[in-house]
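Q: The structure's right below; bear with me while I get my questions together.
The values are calculated or read from the model by the stated rules, or taken from the named source; none is laboratory data. Since we're looking at a predicted model, the values are computed, not measured. A quick note on method: Cβ atoms are made from the backbone with ideal geometry, for glycine too, and the neighbour counts reach across all protein chains shown. The area values use the complete protein model at the heavy-atom level, side chains included, leaving out ligands, DNA and RNA. Shrake-Rupley method; radii C 1.70, N 1.55, O 1.52, S 1.80 Å.
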There are 2 protein chains.
Amino acid sequence: MISSPTHVAPKRTRGRPRKTEGERDDGNRRQALIAAAAQLFHRKGYDATSTREIAAQVGMQPGSPFYHFGNKQDLLLAVMVEGMRQAAVRQNAAIATLSAQKTDRDRLRVLIRNQFDVLLGPDSDFIPVMLYEWRSLSAEQRQTITQIKDDYEAVWIPVLQALHDSGQLQAPVGLARLMIFGALNWSVQWYQPPSPKTSAKKNQRATLDDLTEAALALFLRDPA
Amino acid sequence: MISSPTHVAPKRTRGRPRKTEGERDDGNRRQALIAAAAQLFHRKGYDATSTREIAAQVGMQPGSPFYHFGNKQDLLLAVMVEGMRQAAVRQNAAIATLSAQKTDRDRLRVLIRNQFDVLLGPDSDFIPVMLYEWRSLSAEQRQTITQIKDDYEAVWIPVLQALHDSGQLQAPVGLARLMIFGALNWSVQWYQPPSPKTSAKKNQRATLDDLTEAALALFLRDPA
DNA sequence: CCTACCGATCGGTAGG
DNA sequence: CCTACCGATCGGTAGG
């Protein structure tokens, strides 16, 4: 076997960060761009973030993101699609763990808790970008996201309907769903996680579990 | 009395729109800039709106807004301050009309209804800009808005506390307030007013009164 | 993916 | 408030 140049095992300590030669590089840089974009779009907003900043964050040159994405808008769409993919995976997993004898209230608890996790937990840059940069998408791109989001939210409908039928949820299901999502999604604007250092102190901030129980207490009545 | 030049009553049909000569012009152009900025910031976002567009909308030259405002950020702040001023005026007026024998539920209804009006009613560009362009303010400007907003929201606290004490509101008052505002504020993202033409038709959209009743049904239990 | 580059736009200013 | 202007930045591209 003729040794190819890639066998030389070059010790590159200079230059941009690159995958070791044997590694499959397929979507790796692309994923890095999406993650960097999500973080910057979340922190500074879409319009206020330059493609140069995103490139710099992953060690690329200013023009290089356009090798992976046709334009800046496509990168924004990729962030949102990736976020919804993760959210749906988590939501499906959370639902799957529910045993049959759980109550509808338990089901809603799981959905709400997962939503807070997606909004405020680790790796939670993607969904806030989707929620707050919707306006920057093209009409066609919005359709794409709308479809994905509708699928995600559809899981909530039967749970809310069951709660409505049993009298635990009084508002019309359609408006209730919109307002509940609003109450949860808005937490991105004000929630600050409890600092681990002062965890023993008195001025503890609310945990995601606290938020979940507060939401349930706010929306649901006791079962009849 | 010597006739001053302003008495000539010049018939200007050319040139930029100007106030008739006798009129006091003090903050008039400034107010026009604020209103135009509010509309454009609401529709396109702060970063995506150029000061040139704002100037054009009120018939000014590209550099002229900077005669009224030191920079673009100051104009954004002015939009928000004006919005909060209007919202506070309306809220105070709404509260003042409440007779003493009204229930706490009635009080909350009035507050929620006013909030929907401020968010979705006529001249409702200002508050959405405040809610969704917060990030674009400087740290100092945020303090200014925070104080005004705290005053506005303070009115809600005793009402929510009373409802909590009587068992109609079960969630902790602090978190309940944040989530209720979230549910209401989020309506900016999805609400579309009923079209007047098809008002007799079947596919009616919700009115602001509908939203208010749905919100009350969602948050409150029947009094004990 | 880098190099080198461009046209367009933008916030803001000097001077009247 | 207009005229005239500037420096900076930005999204994006050609060619390798």
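Q: Of A:LYS44/B:LYS44; A:LYS44/B:LYS72; A:LYS44/A:LYS72; A:LYS72/B:LYS149; A:LYS149/B:LYS72, which sit over 23 Å apart, Cα to Cα?
A: A:LYS72/B:LYS149; A:LYS149/B:LYS72
Q: Please give the charge dipole size of chain A, origin at the Cα centre, charges +1 on K and R Cβ atoms and -1 on D and E Cβ atoms. Round to the nearest 20 debye.
A: 920 debye
Q: Return the FRET efficiency for the residue pair A:VAL188, A:ASP151: r is the Cβ-Cβ distance, R0 is 22 Å, and the value is rounded to the nearest 0.05.
A: 0.55
Q: Find the all-direction average of the projected area of the Cα convex hull for the protein assembly as shown, expressing the result in square nanometres with one decimal place.
A: 35.1 nm²
Q: Place the label 7 angstrom along Cα→C-beta at B:GLY174 and in each other copy, then list the distances from the first to the rest in nm, shortest first.
A: Copy-to-copy label distances for B:GLY174: 3.8 nm.
Q: Looking only at other chains, what is the average number of their beta-carbon atoms within 10 angstrom of each beta-carbon in B:172-180?
A: For this peptide, the per-residue mean of nearby foreign Cβ atoms is 6.
Q: About the Cα centre of the stretch A:21-139, how large is the charge dipole given +1 on each Lys and Arg Cβ and -1 on each Asp and Glu Cβ? Please answer in debye to the nearest 20.
A: 440 debye
Q: Placing +1 at every Lys and Arg Cβ and -1 at every Asp and Glu Cβ, with all other atoms neutral, what dipole size does the stretch B:106-224 have around its Cα centre, in debye to the nearest 20?
A: 460 debye
Q: Given the rule -39500 (n - 2.57) for each run of at least 4 DSSP H residues, summed and divided by the residues of the protein assembly as shown, what is its mean residue ellipticity at 222 nm, to the nearest 500 deg cm²/dmol?
A: -18500 deg cm²/dmol
Q: For the protein assembly as shown, build the charge dipole from Cβ charges (+1 Lys, Arg; -1 Asp, Glu) around the Cα centre, then report which of A:SER195, A:ALA78, A:SER50 sits farthest towards its positive end.
A: Positive-end residue among those listed: A:SER50.
Q: For the interface of chains B and A, what total accessible area is buried with a 1.4 Å probe, rounded to the nearest 100 Å²?
A: It comes to approximately 3000 Å² buried between B and A.
Q: Using the Karplus curve 6.51 cos²θ - 1.76 cosθ + 1.60 with θ = phi - 60°, work out ³J(HN,Hα) for each residue of the stretch A:154-165 in order, rounded to whole Hz, and write x for Gly and Pro.
A: Values, residue by residue: 4, 4, 6, 3, x, 5, 5, 4, 4, 5, 5, 4 Hz.
Q: Wrap a convex hull around the Cα atoms of the stretch A:49-199, take a quarter of its surface area, and give that in square nanometres.
A: 11.9 nm²
Q: Can I ask one more? Please give the helix A:28-44 orientation as an angle from the longest Cα principal axis of chain A, in degrees from 0 to 90, rounded to the nearest 10.
A: 50 degrees
Q: Same structure, new question: Need one value for B:184-195: mean number of C-beta atoms belonging to other chains within 10 Å of its residues' C-beta atoms.
A: Counting Cβ atoms of other protein chains within 10 Å of each residue's Cβ and averaging gives 3.
Q: Something else now. Work out from phi, with θ = phi - 60° and the Karplus expression 6.51 cos²θ - 1.76 cosθ + 1.60, the ³J(HN,Hα) of each residue of the stretch A:179-192, listed in order in whole Hz, and give x for Gly and Pro.
A: The phi angles translate into 6, 5, 4, x, 4, 6, 4, 5, 4, 4, 6, 10, 6, 10 Hz.
Q: Calculate how steeply helix A:72-96 sits against the longest principal axis of the alpha-carbon atoms of chain A, using the helix alpha-carbon long axis, and give the answer as 0 to 90 degrees to the nearest 10.
A: 50 degrees
Q: If you don't mind, another one. Could you name the residue in chain B with the C-beta closest to the rotation axis that superposes chain B on chain A, along with the separation in whole Å?
A: Closest Cβ to the B-to-A rotation axis, residue and whole-Å distance: B:ASP47, 2.
Q: Something else now. Per residue, how much accessible surface does the protein assembly as shown expose to a 1.4 Å probe? Answer in Å², no decimals.
A: Each residue of the protein assembly as shown exposes 54 Å² on average to a 1.4 Å probe.
Q: Looking only at other chains, what is the average number of their beta-carbon atoms within 10 angstrom of each beta-carbon in A:213-223?
A: Mean partner shielding for this stretch: 5.
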